Amino acid sequence: GNPLGANGVRYLQAFAASSTAASLERELPHPLDSTKPASVHGVFTHALLEGLKKGTNLEGKVDSASLAGYVKERAQELMPADDNQRPDFRFDDTQFIDFGFGQLTPVQVNLTTPAAGFQVRFGKDISKVVHRTSSSATAAVSLKLAPGRYLFAAPGDGDQFLNSTLVKVLGEPISVNL
């Protein structure tokens with residue numbers, strides 16, 4: 001009865017597919033326990049359950065936006081290229097839901113020239129520097145990153161790079177060579 005009663009309510013609506021598309025089911029590994037056998041279940045559900053553990057933001061927490069981003073990327077990765085299922089999320093981006101801490105992705109950076117250093121950039125225009133090492137004593141550096149697309153670049157000073165690579169981080173440990 002109170003029209004203002006819903007103000008400030010946090011919500012997250014998630015849709016596996018649009019009303020004109022079918023959702024896909026296939027045999028996939030267990031989304032929460034790799035020791036359990038694979039089974040047939042929905043791609044969206046699989047990605048959503050994984051996302052509650054692996055869909056972190058840069059601070060290591062799973063929130064509305066980081067979960068939505070993870071599920072969209074992961075569902076696309078699990079589907080055939082010609083599938084038209086596109087998960088959709090709706091939420092108020094000023095009222096995030098905090099699902100707690102998740103697991104950041106282990107990333108090993110292998111440096112050809114450790115003394116040159118490297119940097120990692122993130123964001124729509126890859127302008128946000130999330131890690132910078134001016135030089136390294138070792139040829140391998142370990143990082144932990146949230147899911148997303150990153151630019152790994154060496155050397156790490158300024159905006160001029162001799163070597164760079166775009167990398168998609170999506171919850172599984174990866175190795176990057178610079």
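The values are calculated or read from the model by the stated rules, or taken from the named source; none is laboratory data. Here the structure is a predicted model, which means the values were calculated and not measured. Neighbour counts run over all protein chains shown; Cβ positions are idealised from the backbone, glycine included. Heads up: the accessible areas ignore ligands, DNA and RNA and are worked out on the full protein's heavy atoms, side chains in. Shrake-Rupley method; radii C 1.70, N 1.55, O 1.52, S 1.80 Å.
Show GLU73, GLU50 ordered by accessible area, largest first, where the area counts protein heavy atoms only and the probe is 1.4 Å.
Values: GLU73 55, GLU50 10 Å².
Order by accessible area, largest first: GLU73, GLU50.
Helix 64-78 against the longest principal axis of the chain: what's the angle in degrees, Cα atoms only, rounded to the nearest 10?
80
Using the Karplus curve 6.51 cos²θ - 1.76 cosθ + 1.60 with θ = phi - 60°, what ³J(HN,Hα) values do you get for each residue of segment 167-178, in whole Hz, with x for Gly and Pro?
Each residue of segment 167-178 in turn: 9, 9, 9, 9, x, 9, x, 9, 10, 10, 9, 10 Hz.
Counting heavy atoms of the protein chains only and a 1.4 Å probe, report the per residue accessible area for segment 1-135 as a whole number of Å². Intermediate values should be presented prior to the final figure.
Values: 7850 Å² over 135 residues.
Averaged over the residues of segment 1-135, the accessible area is 58 Å².
Hey, got a sec? Which trypsin sites (Lys or Arg not before Pro) in segment 79-178 land in a DSSP loop and have at most 12 other Cβ atoms within 10 Å?
LYS124
Among SER136, SER164, what's the order by accessible area (1.4 angstrom probe), most exposed first? Kindly include the intermediate steps, with their values, before the conclusion.
Numbers: SER136 25, SER164 65 Å².
So the residues, ranked largest to smallest area, are SER164, SER136.
Sort THR105, THR138 by accessible area with a 1.4 Å probe, largest first.
On the way: THR105 0, THR138 75 Å².
So the residues, ranked largest to smallest area, are THR138, THR105.
Can you tell me what percent of all Cα-Cα pairs in the chain are more than 22 Å apart? Walk me through the numbers on the way to the answer.
Numbers: 8486 of 15753 pairs.
Tail of the P(r) past 22 Å holds 54 percent of the pairs.
Could you check the spin-label model distance between GLN13 and ASP92? Points 7 Å from the Cα along Cα→Cβ, value in nm.
Calculated label separation equals 1.4 nm.
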